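A.B. asks: What follows is a structure written as C-alpha coordinates; I'll ask about it next.
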Amino acid sequence: MLDEDGEVKYLLEPEYHGNPISNDGSLVTVDYGYEIYRKISEWADFDVRITRLCDKTHGILGEYTEVIVCKKRSYVRPSAKAETDSGSVSLFQKMRALMGRI
(Lines give C-alpha, C1' and ligand atoms only; values in the text may rest on other atoms or scores of the structure.)
Protein backbone atom coordinates (compact mmCIF):
# COMPACT_ATOMS: atom_id res chain seq x y z
CA MET A 1 0.00 0.00 0.00
CA LEU A 2 1.07 3.61 -0.34
CA ASP A 3 1.48 6.01 2.55
CA GLU A 4 0.51 9.70 2.43
CA ASP A 5 3.80 10.56 0.68
CA GLY A 6 3.23 7.99 -2.07
CA GLU A 7 5.91 5.66 -0.70
CA VAL A 8 5.34 1.91 -0.64
CA LYS A 9 4.47 0.71 2.85
CA TYR A 10 4.75 -3.05 3.43
CA LEU A 11 2.26 -4.65 5.79
CA LEU A 12 4.67 -7.56 6.36
CA GLU A 13 8.38 -8.06 5.81
CA PRO A 14 8.79 -8.21 2.00
CA GLU A 15 9.58 -11.63 0.56
CA TYR A 16 10.85 -12.20 -2.97
CA HIS A 17 10.93 -15.24 -5.24
CA GLY A 18 13.02 -15.93 -8.32
CA ASN A 19 12.39 -14.05 -11.53
CA PRO A 20 14.10 -15.09 -14.79
CA ILE A 21 13.85 -11.52 -16.11
CA SER A 22 15.20 -9.63 -13.09
CA ASN A 23 17.93 -10.47 -10.58
CA ASP A 24 15.96 -8.43 -8.03
CA GLY A 25 13.28 -11.13 -7.90
CA SER A 26 9.52 -10.58 -7.69
CA LEU A 27 7.60 -9.54 -4.62
CA VAL A 28 5.45 -12.36 -3.21
CA THR A 29 1.95 -10.90 -2.95
CA VAL A 30 0.12 -13.97 -1.63
CA ASP A 31 1.59 -17.03 0.08
CA TYR A 32 -1.19 -19.56 0.51
CA GLY A 33 1.09 -22.27 1.82
CA TYR A 34 -0.52 -25.65 2.31
CA GLU A 35 -3.81 -23.96 3.17
CA ILE A 36 -4.37 -23.50 -0.56
CA TYR A 37 -6.34 -26.76 -0.65
CA ARG A 38 -8.96 -25.21 1.65
CA LYS A 39 -9.15 -22.05 -0.45
CA ILE A 40 -9.60 -23.98 -3.70
CA SER A 41 -12.31 -26.06 -2.06
CA GLU A 42 -14.09 -22.85 -0.96
CA TRP A 43 -13.75 -21.16 -4.37
CA ALA A 44 -14.84 -24.13 -6.50
CA ASP A 45 -16.85 -27.32 -6.14
CA PHE A 46 -13.72 -29.49 -5.90
CA ASP A 47 -12.28 -32.04 -3.57
CA VAL A 48 -8.61 -31.14 -3.27
CA ARG A 49 -5.55 -33.14 -2.29
CA ILE A 50 -1.89 -32.13 -2.13
CA THR A 51 0.62 -34.90 -2.74
CA ARG A 52 4.40 -34.73 -2.67
CA LEU A 53 6.00 -36.97 -5.27
CA CYS A 54 9.35 -38.67 -4.83
CA ASP A 55 10.31 -41.16 -7.51
CA LYS A 56 13.98 -41.81 -8.31
CA THR A 57 13.05 -43.94 -11.31
CA HIS A 58 11.47 -40.93 -13.03
CA GLY A 59 13.93 -38.34 -11.66
CA ILE A 60 11.40 -36.71 -9.35
CA LEU A 61 13.50 -35.65 -6.36
CA GLY A 62 14.12 -32.55 -4.28
CA GLU A 63 12.02 -29.52 -3.53
CA TYR A 64 8.82 -28.34 -5.19
CA THR A 65 7.48 -31.75 -6.15
CA GLU A 66 4.03 -31.13 -4.71
CA VAL A 67 1.08 -31.78 -6.97
CA ILE A 68 -2.34 -30.30 -6.29
CA VAL A 69 -5.07 -32.62 -7.51
CA CYS A 70 -8.58 -31.17 -7.86
CA LYS A 71 -11.60 -33.26 -8.69
CA LYS A 72 -15.18 -32.08 -9.16
CA ARG A 73 -17.30 -33.38 -6.32
CA SER A 74 -19.99 -34.55 -8.71
CA TYR A 75 -17.52 -36.59 -10.77
CA VAL A 76 -17.91 -40.36 -10.53
CA ARG A 77 -14.72 -42.12 -11.55
CA PRO A 78 -15.06 -45.55 -13.13
CA SER A 79 -13.02 -48.25 -11.43
CA ALA A 80 -9.53 -48.60 -12.83
CA LYS A 81 -6.91 -51.25 -12.45
CA ALA A 82 -3.84 -49.62 -10.84
CA GLU A 83 -1.30 -52.18 -11.98
CA THR A 84 -0.36 -53.35 -15.42
CA ASP A 85 -0.25 -57.02 -16.33
CA SER A 86 3.51 -57.00 -15.72
CA GLY A 87 2.95 -55.84 -12.13
CA SER A 88 4.75 -52.52 -12.51
CA VAL A 89 2.89 -49.28 -11.87
CA SER A 90 3.52 -46.28 -14.11
CA LEU A 91 3.71 -42.75 -12.75
CA PHE A 92 0.50 -41.94 -14.64
CA GLN A 93 -1.25 -44.87 -12.96
CA LYS A 94 -0.04 -43.70 -9.54
CA MET A 95 -1.51 -40.25 -10.19
CA ARG A 96 -4.82 -41.78 -11.32
CA ALA A 97 -4.90 -43.87 -8.14
CA LEU A 98 -4.25 -40.74 -6.04
CA MET A 99 -7.11 -38.92 -7.75
CA GLY A 100 -9.42 -41.80 -6.93
CA ARG A 101 -8.66 -41.47 -3.20
CA ILE A 102 -9.77 -37.85 -2.93
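The values are calculated or read from the model by the stated rules, or taken from the named source; none is laboratory data. Source: prediction; values computed, not measured. Quick reminder, even Gly has a Cβ in these numbers, built from the backbone with ideal geometry, and neighbours come from all protein chains shown.
A.B. asks: Looking only at the stretch 11-27, filter to residues that are loosely packed, with under 10 Cβ neighbours inside 10 Å and not small (Gly, Ala, Ser); which one of those is nearest to residue 64 (Cα to Cα)?
C.D. replies: Looking at residues that are loosely packed, with under 10 Cβ neighbours inside 10 Å and not small (Gly, Ala, Ser), I get 17.
A.B. asks: Moving to a separate point now. Take the conditions surrounded by fewer than 11 Cβ atoms within 10 Å (Cβ to Cβ), at pLDDT below 85 and of a type outside the set (Asp, Glu) and apply them to residue 33. Does it pass?
C.D. replies: So residue 33 fits the description; yes.
A.B. asks: Looking only at the stretch 39-67, which residues are basic (Lys, Arg) and farther than 18 Å from residue 98 by Cα?
C.D. replies: 39, 56
A.B. asks: Let me ask you something else. Every residue in the stretch 60-92 that is surrounded by 10 or more Cβ atoms within 10 Å (Cβ to Cβ) and at pLDDT 75 or above, please.
C.D. replies: 60, 61, 65, 66, 67, 68, 69, 70, 71, 72, 73
Okay, residues lined up against (1) among the small types (Gly, Ala, Ser); (2) within 15 Å of the chain's Cα centre (by Cα):
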residue: 13; (1), (2): no, no
residue: 16; (1), (2): no, no
residue: 21; (1), (2): no, no
residue: 25; (1), (2): yes, no
residue: 35; (1), (2): no, yes
residue: 43; (1), (2): no, no
residue: 54; (1), (2): no, yes
residue: 59; (1), (2): yes, no
residue: 63; (1), (2): no, yes
